[in-house]
Amino acid sequence: MDSSKIAKQMIDFQKTTFDNTFNAMVLLQEQTESMASTVLNQATWMPEEGRTAINDWLKAYKKGREDFKKGVDENFKRVEDFFNAFDKGTKTKK
């Protein structure tokens with residue numbers, strides 16, 4: 001088996017593993033966000049500044065998560081492009 005093909009399969013496996021793990025984390029975070037919203041709605045004693053701070057924190061957390069996913073996806077794409085270019089270069093030399 002071609003070493004380039006093995007490397008591609010390893011990268012595909014790592015990407016699939018990352019995507020599945022990331023999606024599980026997203027589900028957990030969304031559930032936690034839902035619970036936090038429920039608590040905030042029931043906490044009549046909490047001042048508006050506290051509610052705003054928690055909501056801003058949740059938004060920042062979600063944005064950070066999305067930025068992280070975007071960065072990882074971009075780097076997986078770079079690796080895939082590298083192997084595709086390597087394959088094309090190898091095939092033209094043969």
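The rule of thumb for compact globular proteins, 2.2 N^0.38 Å, goes into the C-alpha radius of gyration of the chain 1.72 times.
Roughly what angle does helix 48-93 make with the longest principal axis of the chain, taking Cα atoms, 0 to 90 degrees, to the nearest 10? Orientation of helix 48-93: about 0 degrees from the principal axis. Axis angle, to the nearest 10 degrees, between helix 3-42 and the longest C-alpha principal axis of the chain: 10 degrees.
Under a Cβ-only charge scheme (Lys and Arg +1, Asp and Glu -1), can you give me the dipole magnitude of the chain about the Cα centre, in debye to the nearest 20?
For this selection, approximately 680 debye.
Would you work out which of Val79, Leu28, Asn55 lies farthest towards the positive end of the dipole of the chain? Charges go on Cβ: Lys and Arg +1, Asp and Glu -1. Result: Val79, furthest along the dipole toward the positive end.
Rounded to the nearest 500, the 222 nm mean residue ellipticity of the chain from helices alone is -34000 deg cm²/dmol, with -39,500 (n - 2.57) taken per DSSP H run of at least 4 residues.
No value in this document is a laboratory result; all are computed from the given coordinates. Because the structure is predicted, anything quoted here is derived from the model rather than measured. Every residue, glycine as well, gets a Cβ built from its backbone with ideal geometry; the counts of neighbours run over all protein chains shown.
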